[in-house]
Each structure stands twice: as C-alpha cells, then as structure tokens.
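Only one structure is covered here, and it is reproduced in the block below.
The values are calculated or read from the model by the stated rules, or taken from the named source; none is laboratory data. Computed from a predicted structure; not experimentally measured. Don't worry about glycine lacking a Cβ; one is built from the backbone with ideal geometry, like all the others, and counts go over all protein chains shown. Just so you know, the surface numbers come from the protein's heavy atoms only, side chains and all, with ligands and any DNA or RNA stripped out. Shrake-Rupley method; radii C 1.70, N 1.55, O 1.52, S 1.80 Å.
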Amino acid sequence: MREASEINMVIRGEFQDLINRYLSKFQIRSNGFKVPEVQYEFTVERANSQSESDFFIGIPVKNQEHIISQVLKQLITRLTSPTEIGLLFDNCTDQSFTRAFNSIVGEMEKYENLLKVHFLRSSDEPFESTCENLLFELSDASYLVSFQADLFYLDETFFERSKKAFSKVENLLGISGRATVPLMPM
C-alpha cells in the first residue's frame, strides 16, 4: 500500500461506440437475436497513472447489494499487478451499483494496483457470457479474467501464477480457477 492518491471519474465516449458495435455484430451473427441495451456510465481511474493494465477483470453483477462491497474489497486487496475492472450491472433492481461505486472509490485510493474501474448497466438481462465479452471489448490488457460477483476471492497467488503459466506455455489458451482443490491434503 501507499499513500492515498487522487482518483477521477471520466467518461470515455468511445466505449459506448464499442458497446453498440458489439451489440450490432452480435445481432447479425445470431440471425436477429437482439441483446438488451447496455449503457456505459463512466470510468473511475487513478489520477496520473502511467501504468498499463496486465489484467482486466470482467464482472457481471445481478442484485448483489448485500455482498458486492465485500467481494470487491477481497478482490482488490489481493491484486498483485496493474489491473482494471469492468462491472456490468445486469438489470439490477437493488443497490448493487451504488454499493459497488462507494466500495471502489474507497479501495482505489488505498491499493495502487487498481488502475481503472468501468461501470456499465443493461436495460434487461443479457447472457452472463455476453456481459463478459462486452466488458472485454473495453480493454487491451494482456490477460482477461472472468469473475463472479458472488465469489469471495482468497488466493493471493493466482494472478501471478497465471502469468507464469502463460509465459511458460506458449499455446496456453486459458486457466480456470473454479472449484480448484489441492491435489494433496493440506
């Protein structure tokens, strides 16, 4: 951790264009299936950061107001590389958006590896994988991470171990951290 730094709320006009293009292409590829409207709201970012993100974490959120702050805090406190997060609030009818925003603003000032957080909302319920694909359109990070909004992240080594695996295995497509258990009793 380091001293608190200033954070800014910015609007990236090109992001709504990227989203609209993705939705339009999706409709063409799916023979007319229309994904609900998705609105880019804003980005919260660390002021004067010159770092590029190694990781982009896409998180679809559906009515998680009771746990979203804790989920985000556990994730953010374990970031070991420059990271940006995309949150797509999937037709939420609760206070998930407000609680996530308040949590992000509080944690971003404390943890230097969190560089940016993008906030999006959908007008109806797109598929979870569509939410993630849309979020991934917003980043040029080296590693894309699909993350669940109800996952309490405890492993402080996963991201660094993942980077090592990708550097050692040139044709590695992906790594899953779902339901992983040790091979040997602990």
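Quick test of your reading of the structure: Asn48 fulfils all but one of (1) at pLDDT below 95; (2) more than 28 Å from Glu160 (Cα to Cα). Name the failing condition by number.
Answer for Asn48: the failing condition is (2).
Under 9 Å between Cβ atoms, at least 6 apart or on separate chains: pull out the pairs that start in region 67-93 with a residue that is under 16 Å from Phe152 (Cα atoms) and end on any residue that is of a type in the set (D, E, K, R) and surrounded by 21 or more Cβ atoms within 10 Å (Cβ to Cβ).
Short answer, once both residue conditions are applied: Ile85/Lys116.
For region 113-136, enumerate the residues that are modelled with pLDDT under 90 and under 18 Å from Thr83 (Cβ atoms).
The answer is Glu132, and nothing else.
Across region 18-62, what is the number of residues that are open to solvent by 70 Å² or more (accessible area, probe 1.4 Å), closer than 30 Å to Glu107 by Cβ and of a type in the set (Lys, Arg)?
0
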